[in-house]
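Working notes, structure below.
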Amino acid sequence: MNEQERVGAGTSSTNAQPQKTERKKRFTAKRASLMAVFVALAYTVSLLDFPIFPATPFLKLDFGNAFILLISFLLGPIEGVIVCALKESLRIFTSSSGGVGEIANMLTTTAYILLPSIVYQFRKGLKTVILCLGVACLIGTGVALLTNRFITFPLYMGSGASAVFAESFVFIVAFNLIKTVAVSLLTLLLYKRLSNFLKKMKI
């Protein structure tokens with residue numbers, strides 16, 4: 001091996017070491033246990049759902065996503081997506097949608113949590129969080145419209161999906177705005193106390 005190859009090999013080894021260290025930090029036993037707790041909380045709370053518009057009883061509000069958004073802020077966006085996927089996987093066993101609703105929920109929730117949780121890793125502060133959450137509410141509502149139009153409604157209603165979606169459009173927008181704003185407010189109320197607790201636990 002010549003000098004250039006030895007330097008290249010050394011550089012590769014040096015680059016690989018921080019990556020391994022980062023993975024170890026990310027998936028410690030404490031963090032994995034915390035994620036499991038949040039999966040259980042998000043799943044349990046999601047079962048306590050209720051409709052808010054009589055015209056669209058299939059649109060049910062729950063606050064399970066608050067725990068997904070919380071874990072995204074506390075540990076990072078990757079952990080948030082993992083918790084979301086596990087929570088929706090559990091929902092399949094108690095749902096009558098055959099997984100259709102759960103896939104749509106996962107896409108919508110992921111779209112909602114990614115922006116604020118990614119920005120929070122680089123820039124903290126209440127003003128930044130509130131601004132990002134405001135944008136996230138719009139993103140989540142937009143993706144909810146798309147998933148309902150092209151996934152949920154067609155698979156449930158077949159050829160009549162387009163007409164039903166047009167009739168429900170306003171309710172879908174209003175429902176998802178109310179849901180994302182409510183989840184954002186609840187997350188803001190819970191975050192500081194939980195963050196301080198986890199710092200004491202050294203997580």
Identify, please: which residue in the range 61-113 is at pLDDT 95 or above and of a type in the set (D, E, K, R) and is, among those, nearest to Val39 (Cα to Cα)?
Lys87
Counting only residues that are in contact (Cβ under 8 Å) with a residue 24 or more places away in the chain and either part of a helix (DSSP H, G or I) or under 14 Å from the mean Cα position of the chain (by Cα) (or both), how many does the range 31-61 have?
9
Only one of Phe197, Phe153 is under 20 Å from Glu102 (Cα atoms) and at pLDDT below 95. Can you tell me which?
Phe153
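The values are calculated or read from the model by the stated rules, or taken from the named source; none is laboratory data. Just so it is clear, the structure is predicted and the values come from calculations on it, not from any experiment. We place every Cβ from the backbone using ideal geometry, glycine too, and count neighbours over all the protein chains shown.
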